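Visitor: Got a structure for you, written out below as structure tokens; questions coming shortly.
What follows draws every value from the coordinates through simple rules; no lab data is involved. Note that the structure is a prediction, hence the values are computed from the model and not measured.
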Amino acid sequence: MDEATLLPKLKERLKIFHDEEDKALIDIIKSAKATLKDAIGFDLDAENDAYINLVIIRAMYVYNDAAEYFFENYRSEINDVILNFGGDENVQGTT
């Protein structure tokens, strides 16, 4: 799913109703997708609800200056994606 498709979902979760931050939010979504790709060890840019939810949540953490807490709080969900979709790498900081 591309960034433009994820943008309205992120804005809804963040309760942002204007367009002034769209470019910054798209950059945050790109960063979230890249970070998750590194964490899970493979590219899962599919129509997968669990993955999409993690991208949105990671973006919310970054937007709210709390990125350092994301892996700690979502380790289980990330490992579920890894196990369910073919990766065999552990999430950063879980070993």
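Visitor: How long is the gain from LEU14 to LEU83 if the chain were fully straight, where each residue apart is worth 0.36 nm and the alpha carbon distance is subtracted? Walk me through the numbers on the way to the answer.
Guide: Details: separation 69, 0.36 × 69 = 24.84 nm, distance 2.90 nm.
Length gained, LEU14 through LEU83: 21.9 nm.
Visitor: Restricting the calculation to Cα positions, tell me the Rg (one decimal) and the Dmax (whole number) of the chain in Å.
Guide: In order Rg, Dmax, the Cα atoms of the chain give 13.0, 41 Å.
Visitor: Sticking with this structure for a sec: If one takes the longest principal axis of the Cα atoms in the chain, at what angle in degrees, from 0 to 90 and to the nearest 10, does the Cα axis of helix 49-63 lie?
Guide: 60
Visitor: From Cα pairs below 8 angstrom and at least 6 apart in sequence, can you work out the relative contact order of the chain, rounded to a whole percent? Let's see the in-between values first.
Guide: On the way: 76 pairs, mean separation 29.1, N = 95.
Relative contact order of the chain: 31 percent.
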